[in-house]
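To keep things clear, I will list the structure first and then write my remarks on it.
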């Protein structure tokens, strides 16, 4: 295997690739942008080279040249499925750890990939050109739910197409989209394939990836609860046939959508790279997919023993995102004040204590993966791990994931790609009522201001006096004991619980059982537009992507005023009622903080 290996990516996948490379004795090279100078993946490699963007081919090739790198692993996302990048790497005389550029180009074009699948005998989804709805607009070069919008009526089509194109251009540098019929309540099942340079193609079984939000996978498992040995063989045969037909090499994933009982399945797309959810396959088949990628790239044949026919046990993975369910799952940002991972599970992370989580990149912080002899055991172990995981300083989706995994339909394996969105309508995301009084009591025992302490996302306020903590009309008799391991034990009306807590001069972060709360002594800055009654605040930190109005404009209820972008997600700020725009002092490209006043609309 040629070395050093340049890892053209960031975050947890760069750390994960570096880990296997190190185990194989290979030297590694990281790349980083200005905002990633202190990122974990930088220290995970032997050498790191500063670049301007993870999407600039010339910058990545320059990094390879100055570091002496002889091979390039693209990870996933960014340029991992960019045929031009792969070709540029090969033309530079470097080893590309991935499939041939021609295979990437073919499978990366959703239309051509669909034709190739049909020619290989794989059932495909009907096109969305017959005027019927719903349809899905999705990026030709897309993946991971980026550049994808479901459209349920003709009047939504143009706006959805434009949004999908913007998102695809930002994520992949390619704004082409296609339209297909949207299959209601499908399962998302994918098959892992591997091919070497000697013509051998195998599959390593399937993964169930139906639990998704905004077309982004949240929980994945292997095997699928509805796939038996016969269906596994048929899906695997279809995936292998497609990979062979396109001259594939390395690791790839053929994605299918299936009916509820998986009696029928249709080709969705092929991802010509490592998948985020690859660890569940590794755990049930006892392999290291990154190692296999590297060995295939070096010309080695796949092991004769490699087979996906009989998975061992069950593995379930959840993605830990920097987002707050209590704030509409909008992206969260901040400094990681505490990061402690549980034992007994695998955690692939791209963060550590002291790392700044910004809004420039994807909100994925880590993946937590549990393995067990059967599905119930794996689910219990994952739930326990999420309860014990300690993340302070940045809100995450850990508590929501625990609620999701506890649902009877999920426990029974009765899931589809729309289940999670339906769950949102019936779930209360408010933090447990003990968190704010516990935070106030924990802070009261330090040298911090006395408060009152206010929740960041609303006006909840806690005051402590003479051993009593009050929040609104509710009060508790409280006591707090500081433990020697960075925790506190807070007793509220005779019920004592253990909390992880971090306190600064004007803020306190507290967590238990996956729940997280941030409280501060001061309200958000009320300058600028905040001085106008009825001003609209930023629901998330981010960047102003579009400004659609100017001061003095007359707008109607629902009109788009601004579009914010954070962690590759767009959010429109709309007029709450008809009126006149006032207090707008923002331009495209400006950065905004959470709850920063943006603009006012006076009736």
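Tabulated data
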item	result
The stretch 85-125 - residue that is surrounded by fewer than 16 Cβ atoms within 10 Å (Cβ to Cβ) and assigned by TED's automatic domain parsing to the domain that holds residue 73 and, of those, nearest to residue 417 (Cα to Cα)	90
Residue check for residue 14: surrounded by 18 or more Cβ atoms within 10 Å (Cβ to Cβ), in a strand (DSSP E or B) and either in the same structural domain as residue 61 (by TED's automatic domain parsing) or at negative phi (or both)	no
Filter result (assigned to a helix (DSSP H, G or I) and in contact with a helix residue (DSSP H, G or I) (Cβ under 9 Å, 6 or more places away or on another chain)) within the stretch 149-171	none
The listed residue being over 18 Å from residue 274 (Cβ atoms) and modelled with pLDDT of 95 or more, out of 160, 65, 103, 139	65
Filtered residues of the stretch 23-44 (kept if in a loop (DSSP other than H, G, I, E, B) and either closer than 16 Å to residue 348 by Cβ or in contact with a helix residue (DSSP H, G or I) (Cβ under 9 Å, 6 or more places away or on another chain) (or both))	24, 26, 27, 39, 44
Set 563, 544: member being under 22 Å from residue 361 (Cβ atoms), touching a residue at least 40 places away in the same chain (Cβ under 8 Å), in contact with a strand residue (DSSP E or B) (Cβ under 9 Å, 6 or more places away or on another chain) and not in a loop (DSSP other than H, G, I, E, B)	544
The stretch 459-474, residues that are in contact with a strand residue (DSSP E or B) (Cβ under 9 Å, 6 or more places away or on another chain) and either outside any strand (DSSP E or B) or farther than 12 Å from residue 441 by Cβ (or both)	460, 461, 467, 472
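The values are calculated or read from the model by the stated rules, or taken from the named source; none is laboratory data. Just so we're clear, the structure is a prediction, and the values are computed from it rather than from any experiment. So basically every Cβ, Gly included, is an ideal-geometry build from the backbone, and we count neighbours across all protein chains shown.
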